[in-house]
Amino acid sequence: MTTHSADGPADRDVVVVGGGVAGLSAATFTARHGLDTLVVDAGDSILRRNAHVENVPGFPAGVNPRLLLELMGEGAEEAGCERRRGTVTRVAPTDDGFAVETDDGDRLHAEYVVAATKNETDYLDDVEGVGIVDRGKTFVDTDERGRTGVDGLYAAGRLAEKPHQAVVCAGHGAEVAITLLEDDDRPFYHDWVAPEGYFTDRGREVPPGCAEIDADERRRREARSLETMRSRFAESHPEEQPTHPSLREE
């Protein structure tokens, strides 16, 4: 891994701390818009403890939660995001962003940080100006769109006091990413794939984040989508469901 001094150029545009649904959703949007995005995932998303997750759009009979996380992770990688297993131990402001340190000794620099852990906040202790709310569990004080009191630092999902439902946290992760892009003065992000001519035949430029595709490309993408879903849902997910930490044998 390439490292820089705390005041050097950023290793990444965005570092997302936490690989649950909020973090992966945020990373998908920032990466797809062209920001160099890294997710540091400790692998302990609370969703893994669920036996089955329901009320998720697109899955009328529900979906295996561990498979859902894998699919979201694959989607983030498809968008251009890198994922790395590890635990962030410290985030500290620099003159042009943040220094981010992990438990295995890695140190990198990021222009933006999205905190998307469940309730862990110790890694933010060195960030002056970030509000920590203690209600038995700790949360980060943000505005409605995930901005903290520190420029460039955002919080998404449960950590930002959003309800714990998977779809709510995933949606908030996406909203936080869009907020970050707006604060970075990026063009409005549509995120559409339209049929050929949808914009251009009306004399309009294709908006940022959009694409026009012809019928052959649409069929190719649909075939790939169907094959991907068939293969991922062909068998039961192999990972055993973990128990709550308080029930695990020492």
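The values are calculated or read from the model by the stated rules, or taken from the named source; none is laboratory data. Source: prediction; values computed, not measured. Neighbour counts run over all protein chains shown; Cβ positions are idealised from the backbone, glycine included. For the accessible areas, the whole protein counts, side chains as well, though only heavy atoms, and no ligand, DNA or RNA atoms are used. Shrake-Rupley method; radii C 1.70, N 1.55, O 1.52, S 1.80 Å.
If we scan region 190-201, do we find a residue that is part of a strand (DSSP E or B) and either touching a His at 6+ places or on another chain (Cβ under 9 Å) or of a type in the set (A, V, I, L, M) (or both)? So far as region 190-201 goes, yes, one or more of its residues are part of a strand (DSSP E or B) and either touching a His at 6+ places or on another chain (Cβ under 9 Å) or of a type in the set (A, V, I, L, M) (or both). All of (1) within 15 Å of Asn64 (Cα to Cα); (2) more than 29 Å from the chain's Cα centre (by Cα) hold for Glu196 with one exception: (1). Condition check for Asp122 on (1) open to solvent by less than 40 Å² (accessible area, probe 1.4 Å); (2) within 17 Å of Gly18 (Cβ to Cβ): one failure, at (1).
Meeting the requirement of 2 or more residues that are touching a Leu at 6+ places or on another chain (Cβ under 7 Å) and either modelled with pLDDT of 95 or more or surrounded by fewer than 17 Cβ atoms within 10 Å (Cβ to Cβ) (or both), the strands (runs of 3 or more DSSP E) wholly within region 1-96 are 12-17, 82-85. Contact map, region 212-232: residues that are closer than 16 Å to Trp192 by Cα paired with residues that are assigned to a helix (DSSP H, G or I) and at pLDDT 95 or above, Cβ distance under 7 Å, separation 6+ or inter-chain. Pairs shown: Glu212/Thr200. Between Leu180, Leu124, the distinction of being aliphatic (A, V, I, L, M), over 21 Å from Ala42 (Cα atoms), modelled with pLDDT of 95 or more and in the same structural domain as Leu68 (by the TED database) belongs to Leu180 only. Consider region 147-161 and keep the residues that are within 15 Å of the chain's Cα centre (by Cα) and over 22 Å from Asp96 (Cβ atoms). The one that is surrounded by the fewest Cβ atoms within 10 Å (Cβ to Cβ) is Arg158. Residue selection: Leu181 satisfies the criterion of being more than 27 Å from Asn50 (Cα to Cα) and open to solvent by less than 20 Å² (accessible area, probe 1.4 Å).
Among all residues of region 66-84, there is at least one that is in the same structural domain as Asp125 (by the TED database) and more than 14 Å from the chain's Cα centre (by Cα).
Here Thr243 meets each of (1) surrounded by 12 or more Cβ atoms within 10 Å (Cβ to Cβ); (2) touching a residue at least 24 places away in the same chain (Cβ under 8 Å); (3) closer than 27 Å to Pro163 by Cα with one exception, condition (1). Of all the criteria given as (1) at pLDDT below 95; (2) surrounded by 15 or more Cβ atoms within 10 Å (Cβ to Cβ); (3) not assigned by the TED database to the domain that holds Gly19, the one not satisfied by Tyr198 is (1).
Cβ separations smaller than 9 Å between residues 6+ apart or across chains give the following pairs from region 121-144 residues that are in contact (Cβ under 8 Å) with a residue 60 or more places away in the chain to residues that are surrounded by 13 or more Cβ atoms within 10 Å (Cβ to Cβ) and outside any loop (DSSP other than H, G, I, E, B): Tyr123/Val17; Tyr123/Val88; Tyr123/Thr89; Tyr123/Arg90; Tyr123/Val91; Tyr123/Val100; Tyr123/Glu101; Tyr123/Ala115. There is no residue in region 114-122 that is touching an Asp or Glu at 6+ places or on another chain (Cβ under 9 Å) and either in a strand (DSSP E or B) or at positive phi (or both). Might you check whether a residue that is surrounded by 15 or more Cβ atoms within 10 Å (Cβ to Cβ), in contact (Cβ under 8 Å) with a residue 24 or more places away in the chain and in contact with a His (Cβ under 9 Å, 6 or more places away or on another chain) occurs anywhere in region 163-175? Checked against the condition, which is being surrounded by 15 or more Cβ atoms within 10 Å (Cβ to Cβ), in contact (Cβ under 8 Å) with a residue 24 or more places away in the chain and in contact with a His (Cβ under 9 Å, 6 or more places away or on another chain), region 163-175 yields no hits at all.
Residues that are open to solvent by less than 30 Å² (accessible area, probe 1.4 Å), assigned by the TED database to the domain that holds Asp96 and under 16 Å from Val88 (Cα atoms) do not occur anywhere in region 129-138. Screening Arg230 with (1) in a helix (DSSP H, G or I); (2) at positive phi gives one miss only, at (2).
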